[in-house]
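The values are calculated or read from the model by the stated rules, or taken from the named source; none is laboratory data. This one's a predicted model, so the numbers in the text were calculated from it and none came from an experiment. Neighbour counts are summed over all protein chains in view; Cβ atoms, including those assigned to glycine, are modelled from backbone coordinates with ideal geometry. Side chains are part of the model used for accessible areas, which takes the heavy atoms of the whole protein and leaves out ligands, DNA and RNA. Shrake-Rupley method; radii C 1.70, N 1.55, O 1.52, S 1.80 Å.
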Amino acid sequence: MRRRVKSGASPTFRKDMANNTQGFSSTFGAIMAAAGSAIGLGNIWRFPYICGKYGGGAALVLYLLFVFVIGMTLLLSELVIGRRSGHAAVMAYATLKPKRPQWRYIGLFGVVTCFLILAIYYVISGWTLNYFWESVNGTLSHITSGTFDAHFSSFASSAAMPLVCLLVFAAINLIIILCGVQNGIEKVSKLLMPLLLALVVLLCVRSLTLPGASQGLYYLFHPDFSLLTAEGVLAILGQALFSLSVGMGVMVAYGSYLPKGDNLFRSAMWITACDTAIAILAGVAIFPAVFATGQDPAGGPGLVFIVLPSVFNSLGTVGSILFGGAFFLLLAVAALTSSISLLEGITMGFGEMLGTGRKRTSLVMSVGLVLLGIVIAFSYEGGLFSSFRPGGMTLFDWFDKLSGSYLPPMCALLTIVFFGWFMPKDDIHDELSNHGKERTSWFGVFYYVLVRFVAPLALLVVLIGGIF
Ligand code: PFF
């Protein structure tokens, strides 16, 4: 039985929504947009490093288990909440539980988390734009090997360029969001996702044909269970959740745009498979080249902005322009399709709650994000505000830690508890089976085992592990 849900959005906003956001036009567009959200900076600079560091093939097997079992459980729950309610994070909870308005605070928590993540995401995405530009205009190919560290420090701690790049990246995001769900997010994702795949395949081919590439593959895939520590297990689980973009309500907003007859399980499978495939391909594109050129397989910003430019540099001027350009374009594209999903989650979350409409909300939020982004950018090591260190860490590190390790699992835990223990089981089954039209023999295991126990316990462990 399909229960009708009461809408909580104001008339102004609903009119505005009708103009701009009728939802995704097709299943393919929806999957591209959601996979675009999932495939981001995390796939390229964090996943390969985590795999290599915590046991190669052993870490990969565990990652596959976590992402397809726990990550997908969370993804499905957010998609169901979004599509069932027809709303983004905040109003979705208020709509599904009209008599218990306090549930909307879970959504609000998610939207605020999105805001914090996006501010730091804008800063780092801006850096990728700068490096793309420096690759294609030949600047990076003229830098002496061994001085990329100094080059990155001087760029990141300077005032002008990080700011310009941040503004450009924020403006691109705002324009896409202002174009709406179908004409903005869906069109851009359908165009950029195939480009992203082409770029990563091109880089894989180049990397694998370098002499000595096999050492990188060994590092990435050779299973070594002795490296799989407790810390590694936590890092792998955290990465699986971050990579699928779950826990912040972004997938609730995207769920509300999914076509009604879509098989949610199949869509979630596709999104997870695309995200995982690109993460593995990124590893294949990066590590063989890193080892072939005798570099250190570092992680995070160090890998992307210091180690890799020096790898491209060793391929000669043309190689550096071509492959460095392709790599930073890949990174910028991956960052863009993720950041638009965050801005959409924020815009719809706050917009529906306050009834302020798409245009006004996205504009005001973008101004706020840029202001916060400036503070974060200038607090990077060596920057204008870097001497301000509450608790011994720069603001940049605080934001990185909060948005990466603490807030998303907290939010995801609240979401899955709501979904498993407070949302009517029949509503969930009705949505997943498309009112009884799809076979759902897996539902019992999904609901009674994964949703109610395995996923909340795993999130609790990640949270406690992250704090201690
Ligand atoms: N999944 C993205 C990545 O791997 O970089 C990051 C992300 C995007 C997290 C959107 C959360 C989100 F809502």
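Points worth noting:
- Within the stretch 34-65: backbone nitrogen closer than 18 Å to the Ser226 label point (7 Å, Cα to C-beta): 52-59
- For the chain, alpha-carbon Rg relative to the globular expectation (2.2 N^0.38 Å, N residues): 0.95
- Among the lysines of the chain, pairs at least eight places apart or on separate chains and with Cα atoms under 15 Å apart come to 5.
- Distance in nm between pseudo-label sites at Leu108 and Ser158 (7 Å out along the Cβ direction from Cα): 4.3 nm
- Excluding ligands, DNA and RNA, the accessible surface per residue across the chain is 38 Å² with a 1.4 Å probe.
- Net length available on complete extension from Thr27 to Leu195 is 58.6 nm, with 0.36 nm assigned per residue and the Cα-Cα distance removed.
- In this simple spin-label model, placing a label point 7 Å from the Cα along the Cα-to-Cβ direction at both Tyr218 and Arg360 gives a separation of 6.3 nm.
- Packing-based ranking, highest mean first, of 170-183, 216-229, 321-334 given that Cβ atoms within 10 Å are counted: 321-334, 170-183, 216-229
- Only the Cβ atoms of Lys and Arg (+1) and of Asp and Glu (-1) were treated as charged; on that basis the dipole of the chain about its Cα centre amounts to roughly 1720 debye.
- Listed residue (Tyr131, Val311, Gly466) projecting farthest to the positive dipole end of the chain, Cβ model: Gly466
- Short-range pairs are left out: with C-alpha atoms under 8 Å and at least six residues apart, the relative contact order of the stretch 361-468 is 23 percent.
- Dimensionless Rg ratio for the stretch 47-180, taking C-alpha atoms and the 2.2 N^0.38 Å reference: 1.48
- Estimated [θ] at 222 nm from DSSP helical runs (n ≥ 4, -39500 (n - 2.57)) normalised by residues in the chain, nearest 500: -20500 deg cm²/dmol
- Mean Cβ count within 10 Å, highest first, over the residues of peptides 93-102, 144-153: 93-102, 144-153
- If you plug the beta carbon distance of Lys260 and Val367 into 1/(1 + (r/R0)^6) with R0 = 25 Å, you get a FRET efficiency near 0.10.
- Computed over protein heavy atoms with a 1.4 angstrom probe, the accessible surface ordering of Arg358, Arg104, largest first, is Arg104, Arg358.
- With semi-axes defined as the square roots of five times the eigenvalues of the C-alpha gyration tensor, the equivalent ellipsoid of the stretch 311-468 measures 37, 23, 21 Å, largest first.
- 3J(HN,Hα) along the stretch 136-148: 6, 8, x, 4, 5, 6, 8, 7, 5, 4, x, 10, 5 Hz, from the Karplus curve 6.51 cos²θ - 1.76 cosθ + 1.60 with θ = phi - 60°, whole Hz, x for Gly and Pro.
- Largest-first principal axis extents, alpha carbons of the stretch 165-217, Å: 47, 24, 13
- For the chain, the relative contact order is 34 percent, taking Cα pairs closer than 8 Å that sit 6 or more residues apart in sequence and dividing their mean separation by the residue count.
- Counting protein heavy atoms only, the chain has 68 percent of its accessible area on carbon and sulfur, 1.4 angstrom probe.
- Cα centre as origin, Lys/Arg/Asp/Glu Cβ charges: the stretch 43-100 dipole, Debye: 300 debye
- Highest to lowest packing among 239-249, 190-200, 405-415, scored as the average C-beta count within 10 Å: 239-249, 405-415, 190-200
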